[in-house]
Amino acid sequence: MDCWHCRRTAVGLCRFCGRSVCENHALTRPYILELFQGPLGTRALVVEDALHCGACTVRPDPVPLPELDGP
Ligand SMILES: [Zn+2]
Ligand SMILES: [Zn+2]
């Protein structure tokens, strides 16, 4: 598997889009593992340094999918 950016041997996969990246192009950014409702409101379980390829765009907020919420 080669890096998306430079074709060197990749060291990992982007957590967000699945592209492979080498050590020079690997970035990190917080990744939300899970959202849950608690007495203090909605909380997120976050991985602080998930691997990011730098090529894909991650929206800062989850996108609402009202179609999936049902009636
Ligand atoms: Zn690279
Ligand atoms: Zn990516």
* Protein chains only, probe 1.4 Å: how do His25, His52, His5 rank by accessible area, largest first? -> His5, His25, His52
* To do: Give the residue from Phe16, Leu45, Pro66 lying farthest towards the positive end of the charge dipole for the chain; charges sit on Cβ (+1 for Lys and Arg, -1 for Asp and Glu) and the dipole is referred to the Cα centre.
  => Phe16
* Using only the alpha-carbon atoms of the chain, report the extent along each of the three principal axes, biggest first, to the nearest angstrom. => 48, 26, 16
* To do: Lys and Arg at +1, Asp and Glu at -1: add these up for the other residues within a Cβ distance under 12 Å of Gly12 and post the number.
  => 0
* Given just the C-alpha atoms of the stretch 11-50, how large is their convex hull per residue in cubic angstrom? -> 57
* Structure fact -> With all protein chains present and a 1.4 Å probe, the order of Phe16, Phe36 from largest accessible area down is Phe36, Phe16
* To do: Counting only C-alpha contacts under 8 Å and six or more residues apart, can you give the relative contact order of the chain as a whole percent?
  => 27
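The values are calculated or read from the model by the stated rules, or taken from the named source; none is laboratory data. Since the structure is predicted, the reported quantities are computational estimates derived from the model, not experimental observations. Backbone-built Cβ (ideal geometry, glycine too); neighbour counts: all protein chains shown. To get the accessible areas, we keep the full protein, side chains included, count just its heavy atoms, and leave off ligands, DNA and RNA. Shrake-Rupley method; radii C 1.70, N 1.55, O 1.52, S 1.80 Å.
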